[in-house]
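To start, the structure itself, in structure tokens.
The values are calculated or read from the model by the stated rules, or taken from the named source; none is laboratory data. Computed from a prediction, not measured in an experiment: that's the story for all the values here. Methodologically, a virtual Cβ is constructed for each residue, glycine included, from the backbone with ideal geometry; neighbour enumeration extends over all protein chains shown.
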Amino acid sequence: MIYLDHSATSPILPSAKKAMENALENFPGNASALHTPGHLAHNLIEEARENIAKLINADPEEIIFTSGGSEANNTVIHTFKNCEIFASAIEHPSILEPAKTYAKKLHQIPVDKDGVINLDFLKKSLKNTAKNTLCSVMLANNELGTIEPITEVKSIISALKSSDNIYLHTDATQALGKIKIDVKKLDIAYLTASAHKIGGPVGIGILYVKKGAPYQPLILGGHQEHGKRAGTYNTVAIAGFGAVAKYATTHKTWETYESEVRPLRDKLANLILKNIKGSALNTPLSLSLPNILNVSFAAAEGESIQLYLDMLGKIIVSTGSACASGDGKPSHVIMATRNDAEVAHSSIRFSLGLNTKKSDIDAVMKELPNIIKNLQGISTIEVKND
Amino acid sequence: MTKKCTSTPKTPAPWVYSEKVKEHFLNPQNFLMGDEKKFKCDAKGIIGNPICGDQMLMMLKIDKKTDTITDVKWKTYGCASAIASTSALSELAKGKTLDEALKIDAKQIADYLGGLPKHKFHCSVLGHDALKAAIENYREKH
Ligand code: FES
């Protein structure tokens, strides 16, 4: 199998698996209990917390464990209930949906065709904001890979008279481990991250909350995490997250992504553009994470492309297509960047991992051109010659 | 008392679709490759919209004397089930009279394919609607 869907979830890293097995076998106690097994489990969790804090240059006390990125995002938004919230139009649904529900007003920050947020819009509309306003802009987009200019967003906020009123959150679920992240340098109030996009288990994430930033727990009914997040500690998953965080820090995975994964991703992009009629990139190569490539293929429908790749070449990718007759909606990200449902329905996302090899790219190029040619051949839509 | 669990877990199906769907998806029947003008047909029906993520075109050759469908070709911009459904329908419709063909419903297409996942049932409706549109167009003109 050629797995190119790492941005959905990534295969477990051996060191994470080992750490989880160890936790499962040797640390069975409830980490909140005062007896010895409880205490040992507690220590294991604190070690993981330190490893995760180190990866993003936070203090361990600023890390709150959650059930994943979605819960971390929901928690931030919930903290700003009845406040004004600014969020980019291409945020993950776990930002946009709760913001629609809880915010006094949700201001969606428009993006350009590359998926980069409109800084002028932000500059204009952030003026005269009320107390406790949240601005949430992802570090990198999950469908396109586009990296957002968080530093610029921060400077815009800092230059405002009302800067003390505005708190900045970034969803780093896709960016973690792929680019260097330093919460102190970014000077943000909140950051979301999760384990399973970088070789950790699913079901575990964190919310970084800068000391002094407002916080409201989403889940009540327990003293865990100093009352900030109730619920029995998921020791096994936390140990797994700690292990991948340690791996990323010691191996500087972002450097390997840059030196090895990016050239492969760019090669795939160029081969597609050169060999496949009607192909167009949705990912801005130079402005994006090193491992994501989103491409549309005129007149060919995404789900069919995905399944042919799966069945003919055991190549695993994802698509932004979803048919309206089946109550599906095409990707809101591609609708925001291209405003063209056909482009969204014809889009495929390849997301590479640290183990992706040149031969994987060759395998894609062996199958993909014919698949697209056949789908275009039987399509009701004509492919224009360009 | 503890009871030992003896049942072995079933290995999950590797694909959500039936073998028949797979067969029609990998080897679709009666599609038209390229320009639709290549196929001289007596009736044509088009349904859906690429904006919605699916579109289907049915083309029929009809024997006027017997009112029978002698040949079918189709084109589609759609998902795997849409491709498989249209392919299946083209097989089902061939050789039938127009009245008989009109009676083929979405369920029959789905059954022929060995079932479709719930959220994919509408894909078979689509093929059937395109066939219906083609027959209606034909009847308006004849
Ligand atoms: S035609 Fe809508 S999902 Fe198949």
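Observations on the structure shown:
- The C-beta contact set for the stretch A:161-175 (first residue not assigned by TED's automatic domain parsing to the domain that holds A:V137, second residue surrounded by 23 or more Cβ atoms within 10 Å (Cβ to Cβ), distance under 8 angstrom, 6+ apart or interchain) is empty.
- Annotation note: Cβ proximity below 7 Å between a residue of the stretch A:294-306 that is free of Cβ contacts under 8 Å to residues at least 60 places away in the same chain and a residue that is polar (S, T, N, Q) and within 11 Å of the ligand (Cβ to nearest atom) (sequence gap 6+ or interchain) occurs for A:G302/A:S321; A:E303/A:S321.
- For B:L131, the criteria (1) within 14 Å of another protein chain (Cβ to nearest Cβ); (2) within 16 Å of the ligand (Cβ to nearest atom); (3) in contact with a helix residue (DSSP H, G or I) (Cβ under 8 Å, 6 or more places away or on another chain) hold in every case but one, which is (1).
- Answer residue from the stretch A:328-362, given it is at the interface with chain B (Cβ under 8 Å from one of its Cβ atoms) and outside any helix (DSSP H, G or I) and is nearest to A:E148 (Cα to Cα) among those: A:P330
- Out of A:Y233, A:Y190, sole residue that is aromatic (F, W, Y), buried (at least 22 other Cβ atoms within 10 Å of the Cβ) and assigned by TED's automatic domain parsing to the domain that holds A:P93: A:Y190
- Of the residues making up the stretch B:91-109, those that are part of a helix (DSSP H, G or I) and either away from chain A (no Cβ under 14 Å) or surrounded by fewer than 19 Cβ atoms within 10 Å (Cβ to Cβ) (or both) are B:E91, B:L92, B:A93, B:L98, B:D99, B:E100, B:A101, B:L102, B:K103, B:K107, B:Q108, B:I109.
- Filter pass, B:K3 being away from chain A (no Cβ under 11 Å) and at pLDDT below 90: yes
- Taken over the stretch A:331-386, residues that are touching a residue at least 40 places away in the same chain (Cβ under 8 Å), surrounded by fewer than 17 Cβ atoms within 10 Å (Cβ to Cβ) and of a type in the set (D, E) amount to 2.
- Scan of the stretch A:257-311 for residues that are in contact with an Asp or Glu (Cβ under 7 Å, 6 or more places away or on another chain), more than 22 Å from B:N27 (Cα to Cα) and in a helix (DSSP H, G or I), ordered by number: A:L285, A:L287
- Of residues in the stretch A:64-73 being in contact with a helix residue (DSSP H, G or I) (Cβ under 6 Å, 6 or more places away or on another chain) and surrounded by fewer than 23 Cβ atoms within 10 Å (Cβ to Cβ), the one nearest to A:G231 (Cα to Cα): A:I64
- Candidates A:K123, A:K131, A:K100 - the one that is in a loop (DSSP other than H, G, I, E, B) and not polar (S, T, N, Q): A:K131
- Within the stretch A:47-80, the set of residues being of a type in the set (V, I, T) and either outside any helix (DSSP H, G or I) or without any contact (Cβ under 8 Å) to a residue 24 or more places away in the chain (or both) comprises A:I63, A:I64, A:T66.
- Selection over the stretch A:1-41 of residues that are within 25 Å of the chain's Cα centre (by Cα), in a helix (DSSP H, G or I) and not charged (D, E, K, R) gives a count of 5.
- Summed over the stretch A:363-386, residues that are part of a helix (DSSP H, G or I) and more than 10 Å from chain B (Cβ to nearest Cβ) total 10.
- Screening A:G203 with (1) over 30 Å from A:L287 (Cβ atoms); (2) in contact (Cβ under 8 Å) with a residue 24 or more places away in the chain; (3) surrounded by fewer than 16 Cβ atoms within 10 Å (Cβ to Cβ) gives one miss only, at (3).
- Exactly one residue among A:A280, A:A299, A:A269 is surrounded by fewer than 18 Cβ atoms within 10 Å (Cβ to Cβ), of a type outside the set (F, W, Y) and under 29 Å from A:Q376 (Cα atoms), and that residue is A:A280.
- A residue that is within 16 Å of the ligand (Cβ to nearest atom), within 17 Å of B:Y77 (Cα to Cα), within 14 Å of another protein chain (Cβ to nearest Cβ) and modelled with pLDDT under 95 occurs nowhere in the stretch A:308-316.
- Residue check, A:N165 surrounded by fewer than 15 Cβ atoms within 10 Å (Cβ to Cβ), at pLDDT below 95 and of a type outside the set (K, R): no
- Selected residue (criterion: nearest to the ligand (Cβ to nearest atom)) from residues of the stretch B:33-90 that are assigned to a helix (DSSP H, G or I) and surrounded by fewer than 22 Cβ atoms within 10 Å (Cβ to Cβ): B:C52
- Of all residues making up the stretch A:189-239, the number that are in a loop (DSSP other than H, G, I, E, B), more than 30 Å from A:G353 (Cβ to Cβ) and not aromatic (F, W, Y): 18
- Scanning the stretch A:132-147 for residues that are under 20 Å from A:S347 (Cβ atoms) and not small (G, A, S) turns up A:M138, A:N141, A:N142, A:E143, A:L144, A:T146, A:I147.
- For the stretch B:110-142, a tally of residues being surrounded by 17 or more Cβ atoms within 10 Å (Cβ to Cβ), within 20 Å of A:S304 (Cα to Cα) and among the charged types (D, E, K, R) returns 1.
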